[in-house]
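Please read the structure below before turning to the comments.
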Amino acid sequence: MTIFYFVAFLSIFFALMTIFTKNPVHSVLYLVITFFTFTIHYILLNAQFLAVVNFIVYMGAIMVLFLFVLMLLNLNKDTEPMKSNLVKIMGTIAGMCLIATVLGALKVIETNNGFVTGNTDFGLVKNLGKILFDEFLLPFELSSILLLTAMVGAILLAKKDKKEA
Amino acid sequence: MAAIITLSLLGIVLLYIGLYKAKKALLPTTLIGLLVALGFEICDWGKEAVPLFHGMVIFDHFALSFSILCILLTALILLLSKAYFSAISTNIAEYYCLIVFSLTGALLVNAYHNFAILFIGIEIMSVALYILAGIRRKDLYSNEASLKYFIMGAFSTGFLLFGITLLYGATGTFDLSGLRQYVVDTPQGISPLFYAGILFMLVGLCFKVGAAPFHFWVPDVYDGSPILITTYMSTVVKVASFAAFLRLFDYVFAALNDFWTPILLAVIVITLFVGNISALMQTSFKRMLAYSSVAHAGYMLFAILSLGANSASGIFVYAVAYSLSSVVGFGTLILVKKYNGSDQFIAFNGLGKSNPLLAVTLTLAMLSLAGIPLTAGFIGKFMMFTTAMNDYHITLLLLAAVNAIIGVFYYLRVIVHMYFKSAEEGTTPFVMPLNFKMVFVIAAILTLAVGIYPQCLIGLF
């Protein structure tokens, strides 16, 4: 339990650092660390698959993409759009309302609920595979269409048009 | 299911046709594929509806009728696409392929019985459209539309996913029957997580159907995208999203309506006023149609507000009326934009003289959108108002009536421009291509048929 509280503290700390640092590159690096603490959470929860996927996809692929984009964009104070105070205040109020709703929903939850304590072996790759290829076979197959659509689209948008060349 | 498989394969076949540069074969192949899918859907009509594949999808009359509508609309829109895409770039096959995939997603959304399918369906439907919105790569507005649609789409999907997660946390299942069972079994002790889940689902779905205050992406995206893609977005995607909305709230959340009715009521009133008053301000026909589509989302939400035996048929009739008129409206805009180079109301001046058929069909479409009797739009509005009447939402009805009158005003403005203002000097009259004539006449006949004999659609459910 102590490890959990320590890692949870780190998650929140680095998440806050992500928001509050001025330098966008530092911000992204803090985000990487935040994701890393999530990976530790998943391992603590015995969810191997999520841990691995989170580590490879989020920390690896997506964050590298973020960094590249940031470096290419050349962000500095001049190009940053100024937000009026009104927008900031509205954003804060709306965000706090959202937090209140979600926390209100989470607070009353009974911790001895079967889905919360749950089956500790549930996140193992073996069990996940069994469910994925049995009960959830149809969505699994259909996601191939989603991936194909995304691939066709990415190439379509990125390919040079012969007319323009 | 056979229809979904057919469409998935059709998409891949289209890619191969593109590879072998058989451009002439693209449109006929797509239409034949759509017809085959349509045939499969109609064959499923008589069968008993049970959840298939471990309760993932269900092909009941509700799903089938909305799927058939989506396929027919796609066919109509694609008929207009002849010579439209080739003006944009040489990669036509990919455009057809993406539209077909998007339609596959729409069919999944119509028939979902498990949140996994709902999510994948919505994603397939939207991802294809994020790209299609941006196919005019040199056009800044098109780029803006694509990016905005993508960011807002991803954002709203986040809400939807979080809602699904919370509902799962409360019930331990993604299955609609399981969720319904949970609501029935525990009328008193429903977890607060479940309520938060309902809120998030409501927000996510309102984003997808473009209801205010979650509508702000609609005008820019509809305005910036190529007109044909806007037509597809504002008809097929909207119809499918409403089918998903209605299925979820009717089947699962109906017993908890005390909780979400006030929220939905507020959403509807804001949607009606924002949509109609903004539409009134526009000088561009395309933007006017975008805002009017927001307003129509408000009317369609009536059926979800007052759930009952007539909700499904009401929303279906309304969707038919709205979609047919939208196809004609946007189709006319394609022609006017092509020949007069502008999408302002002024570009419609004198159409009544130079193109009588075009003007008549557009007039009929506008009257149907405004809800004038003898058109399908009237029947749709009438059914919506009746369902709201049954629940005694009198204030809402009064506000809606005021909005309907505002609507009549801006729809009639188009007609005034076509018939009572003469064309400017130097605009040459143009000939309507045959495919446009076909689509417009079909849409006009269907609008009148539903308007005069609505029983043919209402009897389906």
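None of the figures in this text is laboratory data; all of them are computed from the coordinates on show. Just so you know, these numbers come straight off a predicted model, no measurement behind them. Here the Cβ positions follow ideal geometry from the backbone for every residue, glycine too, while neighbour counts run over all protein chains shown.
Determine the sum of side-chain charges near residue B:229: Lys and Arg each +1, Asp and Glu each -1, restricted to other residues whose C-beta is under 15 angstrom from that of residue B:229.
0
Roughly how many Å is it from the Cα centre of region B:395-461 to that of region B:107-127, as a whole number?
A separation of 31 Å, based on Cα centres.
Excluding residue A:133 itself, what net charge comes from residues whose Cβ is under 12 Å from its Cβ, given Lys and Arg +1 and Asp and Glu -1?
Surrounding charge for residue A:133 is -1.
Using the Karplus curve 6.51 cos²θ - 1.76 cosθ + 1.60 with θ = phi - 60°, work out ³J(HN,Hα) for each residue of region B:72-79 in order, rounded to whole Hz, and write x for Gly and Pro.
4, 5, 4, 4, 4, 5, 5, 4
If you wrap a convex hull around the alpha carbons of region A:1-75, what volume per residue comes out, as a whole number of Å³?
Dividing the Cα hull volume of region A:1-75 by its residue count gives 59 Å³.
Roughly how many nanometres apart are two label points built 7 Å out from the Cα toward the Cβ at residue B:15 and residue A:71?
About 3.2 nm separates the two model spin labels.
Using 1/(1 + (r/R0)^6) with R0 = 25 angstrom and r between the beta carbons of residue A:158 and residue A:25, what's the FRET efficiency to the nearest 0.05?
So, using R0 = 25 Å, E works out to roughly 0.50.
Give me A:130, B:23 sorted ascending by neighbouring Cβ count inside 10 Å, so fewest comes first.
By the 10 Å Cβ count, ascending, the order reads A:130, B:23.
Which links in A:83/B:338; A:130/A:159; B:138/B:208; B:138/B:353; B:23/B:138 stretch past 31 Å when you go from one Cα to the other?
Too far apart for the 31 Å limit: A:83/B:338; A:130/A:159; B:138/B:353.
Taking neighbour counts of Cβ atoms within 10 Å as a proxy for exposure, in what order, fewest first, do B:346, A:3 appear?
Neighbour counts put them in this order, fewest first: A:3, B:346.
Take B:418, A:59, B:389, B:281 and order them by how many other Cβ atoms sit within 10 Å, fewest up front.
The fewest-first ordering by Cβ neighbours comes to B:281, B:389, A:59, B:418.
Under a point spin-label approximation (7 Å from Cα along Cα-to-Cβ), what is the residue B:460-residue B:409 distance to one decimal in nm?
Roughly 3.5 nm, to one decimal.
Let me check against my output: what whole-number percent is the relative contact order of region A:1-75, with C-alpha pairs under 8 Å and at least 6 apart?
Relative contact order here is 29 percent.
Which whole-number percentage describes the relative contact order of chain B, with Cα contacts under 8 Å and a sequence gap of 6 or more?
14 percent
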